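Readers should treat all values here as calculations from the given coordinates under stated rules, not as data from a laboratory. The structure presented is a predicted model; accordingly, all values stated were derived computationally and were not measured. Here the Cβ positions follow ideal geometry from the backbone for every residue, glycine too, while neighbour counts run over all protein chains shown.
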Amino acid sequence: MKRLLFLFLVLACCTAVRQDLAGKAFTFPVESNTAYVKLTPAVNKIFHTATVCLRFFSDLSRDQSLFSLSTPSHANGLLLFKNPKGEYDLCVANQCIPFPGLPDELNEWNSLCGTWDSGAGLGQLWVNGKRSARKALSVGGTIATAPSIMLGQEQDSYGGRFDKAQSFVGEITDVHMWDYVLPPHEIQSFVNYVSFTPGNVLSWRALEYIRQGRVVVVDSQIDCCYAVKSLG
C-alpha cells in the first residue's frame, strides 16, 4: 500500500496538468537547485519574434532567473534575468544584453515584458510600464523547436545544470508568451491589469505545467480584476 501511494505521488508530481491560474501564483519559498515549474508551450515552432510577460514578487536583490527557455542548440534560447541593483538581462540564442535603470521594487509586484524581433535584430524590456531603449540583439537569429521552458531556475544546459545562487525565491504569476512582438498598448494593458489578448504560446488562463520540488500554488494577493479578452 505504501509503495502504491509513493508511486501515485510521483506520478502526480511529474504529470503535466492544464489549469486556469487566474488569481493564483507559483511560490518558490526557499533557495534551491531543485525547485522549478516546467511549462509546456501550446505551439512547437521556430520563433523569429517573441514576447514574454509576467509578474514577480521577491525581496532578493541578488541574481535570479525570472524566465528560462532553453533549446537543444542554445542554453539561453530566451532568458529574462534580474541582476543586483535593478539591472535586467534579456538573452536570445545565447546572446545577452543588459538593461540598467529600470524599476526594481522589492516586496512589491513587478510587471515585466520582454520583446525580440529577429528581422530588426532588436530587443526591448518593459518594467512596470517603463520601457527601455531598443537594443541590438540576435539579428537574424532563431529560437529553435522543442523548447524547455522553466520558472524558478536558470538552465545552463538544455533542461538542467541549475545554480542555487541564481534560483528565484518569491512569487510569479500571469505568465504569457506570444510568437510575435506585442504592441506597446497591449503591454500597457497587461501592466494595468485591463483587457489584453492572452499569450498564444503560453497562457496563464490555460497553462500546462509540471511542478518539481518545493513549489506551492497560492493566491496571488493582487488587488485587481482579471479582465482578459478571449482569443479569436
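By average Cβ neighbour count within 10 Å, what is the ranking of 99-105, 142-148 from highest down?
142-148, 99-105
For Arg18, Arg211, Arg205, which order do you get if you count the other beta carbons within 10 Å of each Cβ and list the fewest first?
Fewest-to-most Cβ neighbours within 10 Å comes out as Arg18, Arg205, Arg211.
Name the shape class, rounded, prolate or oblate, that the alpha-carbon gyration tensor gives for segment 17-219, where a ≥ b ≥ c are the square roots of its eigenvalues, rounded holds for a/c under 1.5, and otherwise prolate holds if a/b is larger than b/c and oblate otherwise.
Values: a/c = 1.19, a/b = 1.13, b/c = 1.05.
Here segment 17-219 falls in the rounded category.
I want to check the label-to-label distance for Ala136 and Val43. Put each point 7 Å from Cα in the C-beta direction and report it in nm to one decimal.
Result for the modelled spin labels: 2.9 nm.
When only Cα pairs under 8 Å and 6 or more residues apart are kept, what is the percent relative contact order across the chain?
So the answer I get is 33 percent.
Just from its helices, what would the mean residue ellipticity at 222 nm be for the chain, if runs of 4 or more DSSP H residues each count -39500 (n - 2.57) and the sum is divided by every residue, rounded to the nearest 500 deg cm²/dmol?
Working: 2 runs with 21 residues, N = 232.
One gets -2500 deg cm²/dmol as the mean residue ellipticity at 222 nm.
What are the aspartates and glutamates whose alpha-carbon lies under 18 Å from the alpha-carbon of Lys45, with same-chain residues fewer than 8 places away excluded?
Asp117, Asp179, Glu208
Using a cut-off of 12 Å between beta-carbons, work out the net charge of the residues near Ala16 (Lys and Arg +1, Asp and Glu -1, Ala16 not included).
Around Ala16, the surrounding residues sum to +2.
Full-extension gain between Glu105 and Arg62, please, as 0.36 nm times their residue separation minus the C-alpha to C-alpha distance.
Details: separation 43, 0.36 × 43 = 15.48 nm, distance 1.30 nm.
Taking 0.36 nm per residue and subtracting the Cα distance, the gain is 14.2 nm.
Would you mind checking Lys38/Lys135; Lys82/Lys164; Lys38/Lys130 for any pair whose Cα atoms are more than 18 angstrom apart? Write out the running numbers ahead of the final one.
Details: Lys38/Lys135 29 Å; Lys82/Lys164 15 Å; Lys38/Lys130 29 Å.
Result: Lys38/Lys135; Lys38/Lys130 exceed 18 Å.
What FRET efficiency do you get for Val30 and Glu87 if R0 is 25 Å and r is their Cβ-Cβ distance, rounded to the nearest 0.05? Could you put the intermediate results ahead of the total?
Details: r = 25 Å, r/R0 = 0.98.
It comes to 0.50.
Using the Cβ atoms and a cut-off under 13 Å, what net charge is assigned to the surroundings of Ser70, where Lys and Arg are +1 and Asp and Glu are -1?
0
Would you give the gap between the C-alpha center of segment 31-68 and the C-alpha center of segment 129-159, rounded to a whole Å?
Going from one Cα centre to the other spans 9 Å.
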